[in-house]
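The values are calculated or read from the model by the stated rules, or taken from the named source; none is laboratory data. Since we're looking at a predicted model, the values are computed, not measured. For neighbour counting, all protein chains shown are included, and Cβ atoms are generated from backbone atoms with ideal geometry for every residue, glycine included. Note: accessible area is taken over every heavy atom of the protein model, side chains too, but ligands, DNA and RNA are not part of it. Shrake-Rupley method; radii C 1.70, N 1.55, O 1.52, S 1.80 Å.
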Amino acid sequence: MDSATHASGPSETPGDVTRVTPRAALAKLPAYAAGKPASQIPGLVAYKLASNENPFGAVPAVREAVAGFDAYNRYPDPSATALREALADYLHVPAEDIVAGAGSLGALNQLLAAFAGTGEDGRPDEVVYSWRSFEAYPISVGLAGALSVQVPNLSDGSHDLDAMAAAVTERTRVVLLCTPNNPTGPSLRADAVREFLGRIPSSVVVVVDEAYWEFQRGEGLVDGIELYREHPNVVSLRTFSKAHGLAGLRVGYTVAQQDVTRHLRQSAPAFAVTELGQLAATASLASIEQVEQRVQSLVDERERVLRGLAELGWQHPRTEANFVWLPLGERSAEFTEMCDQHALSVRCFTSEGVRVSFGEPEANSRFLELCAAFPHPSTMPTPRQP
């Protein structure tokens, strides 16, 4: 080796090992645990009920729209113009109030990048949310450089809005409301959220995370689109992953007033939503009646399963989503293993509970059979403190 070249490199003593190190904040963050496929068991059809996916997939119009796509060498429209215009017609809002993102999680990350991080004084901003809730929240908040303020759920798995309002301080920049709440299922009521907003400073961004909005059937539930029209600091966060069956294409969006969206456009990664995703989502909106029929099929299955659980004596939070939460506590892993042995994958949350997505009728029936065979609690345990 040339001596000059050798001299320009890093000096090392024998035995020294130089390692790259990540940001200190990374070590404090939990790892996201995605739902796993079901085990293959001879004689049984395997079903995945662990990821809140739509088992019916996309409507036929989506397949037709993307079948001839061949522009893989071209960047997508960074503004997702056609998709935003289609959403504007569907939601009856200005297209300028819509910002697309790579799934609702990508849209949330754009929002956190714009409004929460490290303040000018070097201290982290605060983001308030209920817990347990969507497990990506603490990861996204921490990566943004902000501090998570987790407020324990009520005993029925719903948000404690009084405690959340009390947790807001002068350092709070964002509040996240997950409705229906993932993984526990309850939805927030419109009157309760309006009262809550009256206690929150208008400088704090309040995100209504509505990934499962289309599955709700209860009366008087909150609608983020209605609230954003009334409150300049409210953002509705939605996705095509669940009801539209496009989880693999990663298409989500936020709806907010333009004092918010102009900052979201600035923080959005360029070309975050692929052209394929934009085409699929636009085609799905054009066939919204078929989408709604598939959603109703899942809602019907939800109600069948919930009736079955009630007949078996199971206690669980009321769910308005496409999943149910079983508060099994320390027995969560045992129930998860039993399901896996019968070719069903469900989502275990360590010693808290199990979330089970509603899937094909055959999968749901097998789930009920397993519930009948498993000793279950007669009351719901109080959620663990964060």
Review point. Which ones in the range 95-117 are open to solvent by less than 30 Å² (accessible area, probe 1.4 Å) and in a loop (DSSP other than H, G, I, E, B)?
Key: Ala116, Gly117
Practice item. Give the residues of the range 28-40 that are more than 22 Å from the chain's Cα centre (by Cα) and open to solvent by 80 Å² or more (accessible area, probe 1.4 Å), sorted by residue number. Key: Gln40
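Just one of Arg173, Arg194 is assigned by the TED database to the domain that holds Thr261, in a helix (DSSP H, G or I) and open to solvent by 10 Å² or more (accessible area, probe 1.4 Å); which is it?
On the way: Arg173 fails: in a helix (DSSP H, G or I).
Arg194 is the lone residue from the list that is assigned by the TED database to the domain that holds Thr261, in a helix (DSSP H, G or I) and open to solvent by 10 Å² or more (accessible area, probe 1.4 Å).
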Practice item. Could you check how many residues of the range 41-94 are open to solvent by less than 70 Å² (accessible area, probe 1.4 Å), among the hydroxyl-bearing types (Ser, Thr, Tyr) and part of a loop (DSSP other than H, G, I, E, B)? Key: 2
Exercise for review: Go through the range 235-290 and give me each residue that's open to solvent by less than 60 Å² (accessible area, probe 1.4 Å), in a loop (DSSP other than H, G, I, E, B) and among the hydrophobic types (A, V, I, L, M, F, W, C).
Suggested key: Phe240, Ala243, Leu246, Val251, Ala256, Ala268, Ala272, Val273
Practice item. With the checklist (1) over 19 Å from the mean Cα position of the chain (by Cα); (2) assigned to a loop (DSSP other than H, G, I, E, B); (3) surrounded by 19 or more Cβ atoms within 10 Å (Cβ to Cβ) in hand, flag the one item Arg199 doesn't pass. Key: (3)
Practice item. Test Gly122 against the criterion of being within 28 Å of Ala31 (Cβ to Cβ) and either in the same structural domain as Val346 (by the TED database) or in contact with a Gly (Cβ under 9 Å, 6 or more places away or on another chain) (or both), and give yes or no. Key: no
Review point. Mind checking which pairs have a first residue in the range 244-270 that is closer than 16 Å to Val208 by Cα and a second that is open to solvent by 80 Å² or more (accessible area, probe 1.4 Å) and charged (D, E, K, R), Cβ under 8 Å, 6 or more apart or different chains?
Key: Thr261/Glu96
Exercise for review: Could you list, in sequence order, all residues of the range 306-349 that are open to solvent by 10 Å² or more (accessible area, probe 1.4 Å) and at positive phi?
Suggested key: Gly313, Gly329
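Is it the case that some residue within the range 363-375 is under 22 Å from the mean Cα position of the chain (by Cα) and either charged (D, E, K, R) or open to solvent by less than 50 Å² (accessible area, probe 1.4 Å) (or both)?
Keep residues of the range 363-375 that are under 22 Å from the mean Cα position of the chain (by Cα), which gives none.
No: the range 363-375 contains no residue that is under 22 Å from the mean Cα position of the chain (by Cα) and either charged (D, E, K, R) or open to solvent by less than 50 Å² (accessible area, probe 1.4 Å) (or both).
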Point to revise | Failed condition for Glu120, given (1) crowded, with 22+ Cβ neighbours inside 10 Å; (2) modelled with pLDDT under 95 | key: (1)
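Just give me the residues in the range 129-156 being among the small types (Gly, Ala, Ser), closer than 26 Å to Gly35 by Cα and buried (at least 24 other Cβ atoms within 10 Å of the Cβ), in sequence order. I'd like the intermediate steps shown before the answer.
Pass one, the range 129-156, residues among the small types (Gly, Ala, Ser): 130, 133, 136, 140, 142, 144-146, 148, 155.
Imposing the further condition that a residue be closer than 26 Å to Gly35 by Cα reduces the set to 130, 133, 136, 140, 142, 144, 148, 155.
Listed by number, the residues that qualify are Ser130, Ala144.
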